[in-house]
Structure formats: C-alpha cells, structure tokens
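Q: Quick one: the structure is below, and I'll ask about it shortly.
Here, each number is a calculation from the coordinates, and none is a lab measurement. All figures in this text were calculated on a predicted structure; none of them were measured in a lab. All Cβ positions, even for glycine, are placed from backbone atoms using ideal geometry, and neighbour counts span all protein chains on display.
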Amino acid sequence: MLDLAGAAVIRCAAAAGYRWTGLRPTLPVSRRDRAEMSRVLQSEGVELLDVEVVALRPGPLRDEHRALAELAVELGARQLLTVSQDPDLAATADKLAQLTAVLEGSPTHPALEFMGFSCVPDLATALRVAGPVPGVGVVVDALHLHRSGGDAAQLASIEDWRWCYAQLCDAPAAPPPGDGDLADRLATEARHHRLPPGDGELALADFARALPPECPVSVEVQSDELLRTHSPVDRAALLRHRAHRGREWRCES
C-alpha cells in the first residue's frame, strides 16, 4: 500500500485481516513516527514481515542503508528487503555482509530480491551472491521468477536454502510489449501493472507448492488500476481474498 505510510499501513493490514505487513518508510523517520508504528503493531496484533528497500549501488554501504537497517531492528521486522544495482556482485555480497553485521543480535535478516531489471536478474544469480554470506536469504517474487525464465520446477529443485519469503501476484504469460529497453518495460510492469492472483496466466499454484511449508507468502500487487478504483482497505481485502481463493496459495501477509 504505497499510497499509505507508517502506522496507516499497519492499520490497513489489520482491517483487511492480515497477520503480517511490510513497510517502506521514507527516511528520516521521526522519533514520534517510530513510536507510533511500534505501538500500532502491538495494539493491532500485526507482525512486521519486512522493511524495504535497501537499494545497493556502486560504492560503500551508505548511511541511509544503515539507518533503514536500524529501523527494521527497532520495529522487529523479520526481513530487510535488499536489491542491487551494483554490477560488481562481489561488492554486493560484501555489502550484504556489512548489513548482516548491523543487524547482528536481532531477529532481522537481509533478504536479497532478484529482478530482471536489477544487477541480480535471476534466481541463480541471487543464490550465487547470497549463498556465501551467512544470514542472508532470498526473496522469490512470482513475477520476477517468471520474467527471468525461472519456474516452479527450478524452485522445487533447490534444497536447504534460506527462503526469506515469497511474493505473490499475477501477470500475462508474455512480457509487456513495446519498443525500447526490455528492462525498462519489466520495471514499469512490476511497479504499475501487476494483476491480482487469478487474473493472469502465471502458474501460481505450482509456484506455491514449490515453496517450503514454513515460507511466508506475501501479496505484492502494485497496480495503478486498483489504485484508481479501490480504497486501500478494499484493495488489501480483495488481494487477500484472491490469494486465499485457491487453498494451495498460502498467504501469510
């Protein structure tokens, strides 16, 4: 719910019946807002799955990355969502290790997400980057998996891996048409044109069955259309219903 912020996101999740939620705060976050988010998480009985997003770029780990990590710890988030736009994958792994050090002693862990328009474009690359770094897991998004050429069979073939959580949405089977760079079209689709589960052609039942039973599944549907036609609580409730419509689709958040 990117049109809401802070405690309003938590209240929306609770009103729609979610057990988990995620937050994408804009730094800096005031002491008052931090306290309110902590209070509302407790009063609404909602747990914090993730705080996002640490966007790694060439150069050293930035102060805002550390600040977001510290906020995630303060709020009790399970994961700190991280993406990379650094083409130096060894440097990406090193910065993930630095984030792990910031988070040491807390229940929060870095979660690396692969995307076709990032420098970690697919599942194999994500596993290669995160694998050597203790405490770092991988986020699997149904759309990004499909668009990068992966499938449920690839997921199911990987044993003993640290799956942080999965993200559920739907989309047409074919990538978005148009001229210009494919990566730009994939980014636009992911940020503006995702579909609710059941409205597209992704093999979501297979995707869900390939995940370990303990892996939380969130709903990630950034949609300009839903933003225009539904209130935040109505959107959240619709997406929760769609994710639960098939019993093989497990939705924790």
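Q: I'd like to know which of Val40, Leu68, Ser84 lies farthest towards the positive end of the charge dipole of the chain, counting +1 on Cβ of Lys and Arg and -1 on Cβ of Asp and Glu.
A: Value computed over the given set: Val40.
Q: With a/c under 1.5 counting as rounded, go ahead and sort the range 153-217 into rounded, prolate or oblate using the C-alpha gyration tensor (a ≥ b ≥ c being the square roots of the eigenvalues; past the cut-off, prolate if a/b is larger than b/c, else oblate).
A: Here the range 153-217 falls in the prolate category.
Q: Can you classify the range 1-100 as rounded, prolate or oblate using the Cα gyration tensor, where a ≥ b ≥ c are the square roots of its eigenvalues, rounded means a/c under 1.5, and otherwise it's prolate if a/b beats b/c and oblate if not?
A: It comes out prolate by the Cα gyration axes.
Q: How big is the dipole moment of the range 1-65 about its Cα centre under a simple scheme where the beta carbon of each Lys and Arg is +1, that of each Asp and Glu is -1, and everything else is neutral? Debye, nearest 20, please.
A: 120 debye
Q: Right, next: Mind checking the dipole of the chain: about its Cα centre, +1 per Lys or Arg Cβ, -1 per Asp or Glu Cβ, Debye to the nearest 20? Let's see the in-between values first.
A: Details: 26 positive and 36 negative charges, 135 e Å.
Computed charge dipole of the chain: roughly 640 debye.
Q: Rounded, prolate or oblate, given the Cα gyration tensor of the chain, with a/c below 1.5 counting as rounded?
A: On the way: a/c = 1.40, a/b = 1.04, b/c = 1.35.
In terms of gyration-tensor shape, rounded.
Q: Choose one of Leu99, Gly22, Pro212: the residue whose Cα lies farthest towards the positive end of the charge dipole of the chain (beta-carbon charges +1 Lys, Arg; -1 Asp, Glu; about the Cα centre).
A: My answer, from the dipole projection, is Gly22.
Q: Taking a label point 7 Å from the Cα of Ala156 along the Cα→Cβ vector, which residues of the range 192-235 have an amide N closer than 18 Å to it?
A: 202-215
Q: At what distance in angstrom do the alpha carbon centres of the range 101-138 and the range 180-241 lie from each other?
A: 21 Å
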